[in-house]
Amino acid sequence: MKLARLALVLALATLPAAAQLEEYSNAKPVPPTHPVKSIQDTETPAQRDVRMAWWRDARFGMFIHWGLYAVPAGTWNGRQTTHIGEWIMNDLSIPVADYKAFAKQFNPTGFSAHDIVALAKSAGMKYIVITAKHHDGFAMFDSKVDPFNIVQATPFHRDPLRELAVECRKQGIKLGFYYSQAQDWTAPGGTAIVRAGHDPVTGHWDKAQDGSFDEYLQKKSIPQIKELLENYKEFPVVVWFDTPTKMMTPERAAEVVTLLNKYPNLIWNNRLGGTYEGDTETPEQYIPAQGFPGKDWESCMTINDTWGFKSFDTNFKSTETLLRNLIDIASKGGNYLLNIGPDAHGIVPEPERERLLAMGKWMDINGEAIYGTTPTLFTTPTGSFSDTLKDKAGKPKFIPTWSWRSTTKKDKVYVEIFAGAQGTLHLGALPRKVTGAYWLADPKQKPVTFTQTADGLDVPAPTGYVDPIATVLVLKTAG
Ligand code: H79
């Protein structure tokens, strides 16, 4: 047997290349694939469950967009950007030298890793993902491979990522890094996609941006990803890539995957590119109507309308909306990565802080209905599809109705009832027998009356322990 195989290998090895191809073409067609296998390609479903366990339990994380764009804060040379704050350099075509000059003014002495981690914890968040480098190319960490970073180029001379890592370790919360791997507006070659004539999105507005993309990738992007993976001990536990663009071919992405593969517990999103699917779907600024059944997913959203700080964006969502988003996402089996945008002093805008603290108050009482839950077991629609509005994919847009949501644990079903619900709520059929019910906020867990028939489950709208945003009913279940 072994000999026969050896003979075949030898025979193939001696065939000319064209003949070898001929030989293989009789085999089953193999779908096109990337050159280096990633952890997702090789692990078993059981191994994946172990790797993803903490992330699935967490349900709520903090996104932090903080970078040099906090200095202009949306305004440059008397012009205001109408777009997201971290895109100001692109939107207003700020020359590279002018943008780089912001670094001299960036001295965020108000930054406190302790306070930010404590804020995340108070909000009930279980992990933080911070921008290590956004598309502007400015590294928010101590990078030896490129001097355009917060330690070398600013009077601050501190590494906020290291300080956050220390605090996250102390306060028991997980830390991940966002890294824009394929877009870099200040590094030569980092906007190469436009020069290649593919995609008008990134723009190219300064000769200083001329250069080879591969040189950018080899000299800056990949070495910085390596620094981020190596220099912060057990962190990052998440790497959050963004905007792969067409430049991230399978071959280029494979070089990044080779680095990631050294960290078998790492979780990374679906934005690396080069046909790699990563671990998580990442709907941005929306909650998918049905979630992504059977997949891990995370909606990332802003509190106002910008990720990076913009002094004049005061369009803050209400705590009610933010909390109901979290509940809605949990009911569909996803995570909520909610963004804060600290200013150029390192201070978290007060309206953002306030809302996170208010969310935390609700989570203190009701967190068990969110953490470690699985999607709703009810098939009752919690909204309807619009006849006139379309979603991003051009399909009828899903309009949620805020009435109630449900989350699931092994022996419990939670019903999060939104304020305004009155009378009896008909929840539809539940494939489990309900053996008891109580309000989650009731320390005595006094029984609540309900009716379960073949037709479905009826529960009362909250009568006691009413929360103005969402009151949680716990159903004890069997089967
Ligand atoms: O980091 C945040 C965004 O900056 C980043 N992803 C989140 C997490 C992101 N990069 N690109 N995009 C999102 C999509 C790009 C949208 C664009 Fe535009 C439309 C680029 C140009 C037109 C938005 C509007 C940005 C500038 C104008």
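The values are calculated or read from the model by the stated rules, or taken from the named source; none is laboratory data. As the structure is a computational prediction, the values presented were derived from the model and not from experiment. Positions of Cβ are generated from backbone atoms using ideal geometry, with glycine treated the same way; all protein chains shown enter the neighbour counts. Heads up: the accessible areas ignore ligands, DNA and RNA and are worked out on the full protein's heavy atoms, side chains in. Shrake-Rupley method; radii C 1.70, N 1.55, O 1.52, S 1.80 Å.
Per DSSP helix of 4 or more residues, -39500 (n - 2.57); summed, then divided by the residues of the chain. What does that give at 222 nm, rounded to the nearest 500?
One gets -8000 deg cm²/dmol as the mean residue ellipticity at 222 nm.
How much length would be gained if the chain were fully extended between THR33 and THR321, taking 0.36 nm per residue of separation minus their Cα-Cα distance, in nm to one decimal?
Taking 0.36 nm per residue and subtracting the Cα distance, the gain is 99.5 nm.
On a full-extension model of 0.36 nm per residue, what is the gain between SER384 and ALA419, subtracting their alpha-carbon distance, rounded to one decimal in nm?
Values: separation 35, 0.36 × 35 = 12.60 nm, distance 1.96 nm.
Separation in residues times 0.36 nm, less the Cα-Cα distance, equals 10.6 nm.
Could you give the distance between the Cα centres of the stretch 335-364 and the stretch 389-430, to the whole Å?
25 Å
Relative to the present Cα-Cα distance, how much length would full extension add between GLN152 and ASP442 at 0.36 nm per residue of separation?
Contour length minus the Cα-Cα distance gives 99.0 nm.
Taking a threshold of 19 Å on the Cα-Cα distance, which of the pairs LYS126/LYS397; LYS121/LYS361; LYS412/LYS433 fall above it?
LYS126/LYS397
Using the Cβ atoms and a cut-off under 10 Å, what net charge is assigned to the surroundings of THR319, where Lys and Arg are +1 and Asp and Glu are -1? Intermediate results must be reported in sequence, preceding the final value.
Values: positive: LYS317, ARG324, ARG355, LYS361; negative: GLU320, GLU354.
Summing Lys/Arg as +1 and Asp/Glu as -1 gives +2.
If amide H atoms are built 1.01 Å from N in the plane of the peptide, which residues on other chains or at least 5 residues away come under 5 Å of the amide H of ILE340?
Long-range HN contacts for ILE340: PHE63, ILE64, HIS65.
What is the set of long-range amide H partners of TYR276 at a cut-off below 5 Å, with H atoms built 1.01 Å from backbone N?
Here nothing satisfies the definition.
Can you give me the long-range amide H partners of LEU175? Hydrogens built in the peptide plane at 1.01 Å from N, cutoff under 5 Å, separation of 5 or more residues or another chain.
ILE128, VAL237
From the residues VAL448, ALA344, MET359, which one has its Cα farthest along the dipole of the chain in the positive direction, the dipole being from +1 and -1 charges on Cβ of Lys/Arg and Asp/Glu about the Cα centre?
In the chain, that residue is VAL448.
Of the cross-linked pairs LYS104/LYS262; LYS133/LYS207; LYS37/LYS392, which ones have a Cα-Cα span greater than 26 Å in the structure shown?
Pairs exceeding 26 Å: LYS104/LYS262; LYS37/LYS392.
Using a 1.4 angstrom probe on heavy atoms only, work out the carbon and sulfur share of the accessible area of the chain in %.
On the way: 12180 of 21610 Å².
Heavy-atom surface of the chain belonging to carbon and sulfur, 1.4 Å probe: 56 percent.
Label points 7 Å out from Cα along the Cβ direction at THR249 and ASP49: separation in nm?
Between THR249 and ASP49, the label points sit 4.0 nm apart.
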